[in-house]
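Shown below is the structure under consideration.
None of the figures in this text is laboratory data; all of them are computed from the coordinates on show. None of these values were measured; they are calculated from a predicted model. Every residue, glycine among them, receives a Cβ derived from its backbone with ideal geometry; neighbour counts consider all protein chains shown.
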């Protein structure tokens, strides 16, 4: 009976759906939509899909993807036909997506949009998507503290100063991020996109000086604020103003209001932020492009906009969206919409990432006081020029291929040389079955180690720029090894980083071994109580995933809120050590973190090795009159050494390539000076304009250094340890 | 060179009482063997002497000096460990010179001292080898050599021969005896092997459960064991102990016919060594031969004496066969208090 009932319900649904789509297509259409929205924006999207299904019978399934993984997933899956029908993305990735075939030109669109949002999604005269919403910076404030928000920077600074003190800050924003610096830049009339970009222009220097004044000298901005920190400061009523976007306002526990950014008093120009226009796109190779375009137009149009505005709190682009009442709740959306009218559309210039990187470098230097605005701007301009330099000239691959093939053949012949010996052949024949058993593992090694290694090494012979691969031979290596782009003493040169990496490895391994061994020796003492508990506790740092530990230490090193500075205050006022402002301090912070992570391994190895040393030997030495140090130096240590040496080699290789700690704790600060080779390679690959070839050359050099080190360590030990 | 004095020495590990009041004077130049079953505390006592274990109570003097709180390295004692404890990463020469090196003696002096001892112990060809390249006996000699080089006041030997095979062990026993005669240094030697104790010692101390059972020269321990424990521990094969009653007519073993003249009265434990029997037709006891162990020059008879089992040593060749009944006469008797196990002293003027 129930089967009959459910069947009839299904039938009825099918009929209704068929009627709704005018029975063009018997199969029900399902549209997949990829997005990186969270919280209320995602809720709004789900609601819109539900409403759309009710109206048209077309099922739209939004699929959320983590923000950090979004673009790489889109860029790999969609061009291979594994993508959805629809995508949500910002206008500044459009040109890249168009080039990769991620998006299709859109169809008819009758909706009118605000602030040139439509034009933002046009490329080569074609419209590619449907504008959904604006993302830009506004001046957010706590309406309980501020009744009359300022409209110029002098008034802003004065008001902020009045609300600073006693753990409260007048203004919170990410003062060292280029995106947050952009409004001051525009307020002083500087430009960073277009044909004629110069980062050492007087306007930019003035903007840097102003940023320094606001961010540091006035003392109104908390140091190195993260969005979490700013959020909690605001929620506790300890931040009067915040420069951020609508995303900051979402989920606040306290009333929040906003107005557009103020005018820069010195110039009378408005501080204009960059504007991002978010759109919904029909994906390349969509299964139902027609239906997808219809839904996209609907979502961008008045009906979809109403839902997104109401539920998602979005500053929607559609002109015909329902009007917003003049209340506190809508204050942020209204401010974003007002700001969108004047804000500067984020450039889609392919050189922008290089400018961005150079600009941020200068900004950090100025903020830290490591350089005057003039010096920093000059350095930034130089940095930008090197970064924007066209890739090395294409080389003729033929000689390389010939050499590679010869080397490969030579290696193969060399490997097969022993086969000339009939005894060896016989031996192999006798052990045919054994070789058969080893075969799968050999294939796995080949596929998982040898092939990626060769492929990676091959990449180092190419240059990658703007999606183009050029064969350049050894010029990546020559650039790195001859340090053609930077003086050897620059933190960006290979040799500087190599020296830092070696220093990093030596200091770490020394501390790991001495602390680990010291603890192991103490844990062995008969008077220690609760030995097992101590041992377990001391192994904990090793058991916790190292990125978690690194993030915790990063927080503990925070200049204003970190536990370390609080401890160094010895109960009084916390110390004011800025751990990431100088090489030695940042290096120490990394070192402390990695020592915490690294000593348990050496302790465990030492404990194991000590088990193998008979107690008699030390007692004999004790009877011979040897003191503790002599016993250790002449009895324990020589016997520990053979067991510790392999651990030492492994430990130093791990440390040499300890990406997580460097990336998460100091992040290379200040000025990439605490970067080690592996994190530097990462930056070349992913942060400095996707120079994969250059990064691969770094990786090959790292391999070379470690290979030489491994061989040397073997020789030193007089036996094979690896 | 110096003697040793132990006064009321106690050692406790928490609740465990390992040494229960050891009192002993060891004269300079004595060869004292500490013997007892495993777990009796003999190794612990040795480690207390060395300073590797703290003394819980009592005094320890080396010569005239109280050394309870003196570090092991400052006591001027040298120890030979059961495992030899040779430093595996050092050559024989370096091993032997280690203590002198710690004492910061000049290299020439160290070399001379090592060479001299190496010559005495026939170690010269081994001086540049590592311990891992030596045989067990050679390692043992190196360990000895390392101790000798130091010229200590006291040698401490912790079962030094127990890791050697039987023939090497008997050879080394003789070597040790010679060594002691030549050096005339005080030696304290721990072993569980009573043969080692009897052959080497000038005095033996028998320990059981942390209590001294008897101290004396080997002959005395053998001839006049102070109690049934010493009686059974010293001498091989072990002494026969039989429950018996003594009165004017003599001693009668429970459940066995025949009285033997003796001064002991009342219920006692009667001890007779297997070597102290005579098989003779006019023997007082009649026993069945259960098993015969033929050892070459001698044969050990396992007999059923009434309800008791005893062992008797006879010279070979012997006509005795298994299953036969023979008559026995015990020649030397030891009488012990049945309750305390303590020896009942001989009347004055009697000889053993």
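Nearest 10 degrees, 0 to 90: what angle lies between the long axis of helix A:494-524 and the longest principal axis of chain A (Cα atoms)?
60
Where both residues lie in the protein assembly as shown, what percent of DSSP beta bridges are antiparallel, nearest 5?
75
Hey, another quick one. How large is the Kirkwood hydrodynamic radius of the stretch A:108-219, counting all unique pairs of alpha carbons, in Å?
Every distinct Cα pair counted, the radius reaches 17.1 Å.
Moving to a separate point now. So how tilted is helix A:178-187 from the main axis of chain A? Cα-based, degrees 0 to 90, rounded to 10.
50
How many Cβ atoms of partner chains, on average, are near each residue of A:636-645 if near means within 10 Å of its Cβ?
That works out to 1 on average.
Report the relative contact order of the stretch A:491-628, percent, no decimals, based on alpha-carbon pairs under 8 angstrom and at least 6 residues apart.
The normalised contact order for the stretch A:491-628 reaches 33 percent.
At a 10 Å Cβ-Cβ cut-off, how would you order B:286, A:490, fewest neighbours first?
Taking fewest neighbouring Cβ atoms as first place, the list is B:286, A:490.
If Rh is defined by the Kirkwood formula over all Cα pairs and Rg also comes from Cα, what ratio Rg/Rh do you get for the protein assembly as shown?
A ratio of 1.19.
Could you work out the relative contact order of chain A? I mean the mean sequence separation of Cα pairs under 8 Å and 6+ apart, divided by the number of residues, in percent.
Reported relative contact order: 13 percent.
Here's something else I'd like to know. Of A:534, B:285, A:553, A:542, how do they rank once you tally other Cβ atoms within 10 Å and put the fewest first?
So the residues, fewest neighbours to most, are A:534, A:542, B:285, A:553.
For the pair residue B:254 and residue A:154, how long in nm is the line joining their label points, each one 7 Å along Cα→Cβ?
Label-label distance for residue B:254 and residue A:154, simple model: 12.1 nm.
Roughly how tilted is helix A:302-312, in degrees to the nearest 10 and between 0 and 90, from the longest Cα axis of chain A?
Rounded to the nearest ten degrees, it is 50.
Something else about it: If each DSSP helix of 4+ residues adds -39,500 (n - 2.57) and the sum is divided by the residues in chain B, what number results at 222 nm, nearest 500 deg cm²/dmol?
About -7000 deg cm²/dmol.
Give the dimensionless ratio obtained when the Cα radius of gyration of the stretch A:177-309 is divided by 2.2 N^0.38 Å.
Normalised by 2.2 N^0.38 Å, the Cα Rg of the stretch A:177-309 equals 1.40.
What base-10 log of the normalised intensity I(q)/I(0) is obtained for the stretch A:494-717 from the Debye formula, alpha carbons as equal point scatterers, at q = 0.13, 0.15, 0.17 Å⁻¹?
-0.87, -1.06, -1.22
While we're on this one: Report D for the stretch B:239-337 in µm² per second (integer): Stokes-Einstein, Kirkwood Rh on Cα pairs, 37 °C, 0.692 mPa s.
241
In peptide B:47-60, how many Cβ atoms from other protein chains are near each Cβ within 10 Å, on average?
Average per residue, whole number: 1.
May I ask you to compute the full-extension gain from residue A:110 to residue A:488, defined as 0.36 nm times their residue separation minus their alpha-carbon distance, rounded to one decimal in nm?
Full extension of this stretch gives 130.2 nm more.
Per-residue mean of other chain beta-carbon atoms within 10 angstrom of the beta-carbon, peptide B:84-90?
Taking all residues of B:84-90 together, the mean is 6.
Sorted by mean Cβ packing within 10 Å, highest first, what order do the peptides A:183-190, B:230-237, A:638-645 take?
A:183-190, B:230-237, A:638-645
I need to check one value: relative contact order of the stretch B:239-337, counting alpha carbon pairs closer than 8 Å and at least 6 residues apart, in percent.
The value is 30 percent.
Considering only chain B, what is the antiparallel percent among its DSSP beta bridges, to the nearest 5?
75
Say we join alpha carbon atoms closer than 10 Å with springs in a Gaussian network model of chain B; which of B:79, B:144, B:322 then has the biggest fluctuation?
Looking only at B:79, B:144, B:322, the biggest GNM fluctuation is shown by B:322.
With each run of n ≥ 4 DSSP H residues scored as -39500 (n - 2.57), what mean residue ellipticity at 222 nm is computed for chain A after dividing by its residue count and rounding to the nearest 500 deg cm²/dmol?
Dividing the helical sum by the residues of chain A leaves -17000 deg cm²/dmol.
Let me ask something additional. Hey, what's the Kirkwood Rh for the stretch A:457-578 if you take every pair of different alpha carbons, in angstrom?
About 19.6 Å, per the Kirkwood formula over Cα pairs.
Running Debye on the stretch A:281-361 with equal point scatterers at the Cα sites and no solvent, what base-10 log of I(q)/I(0) appears at q = 0.14, 0.17, 0.19, 0.20 Å⁻¹?
With one equal scatterer per Cα and no solvent, log10 I(q)/I(0) is -0.72, -0.87, -0.92, -0.94.
Semi-axes of the equivalent ellipsoid for the stretch B:4-228, please: Cα gyration tensor eigenvalues, times 5, square-rooted, ordered largest first, whole Å.
Ellipsoid semi-axes (Å, largest first): 30, 20, 15.
While we're on this one: Based only on other Cβ atoms within 10 Å, what is the fewest-to-most ordering of A:299, A:94?
A:94, A:299
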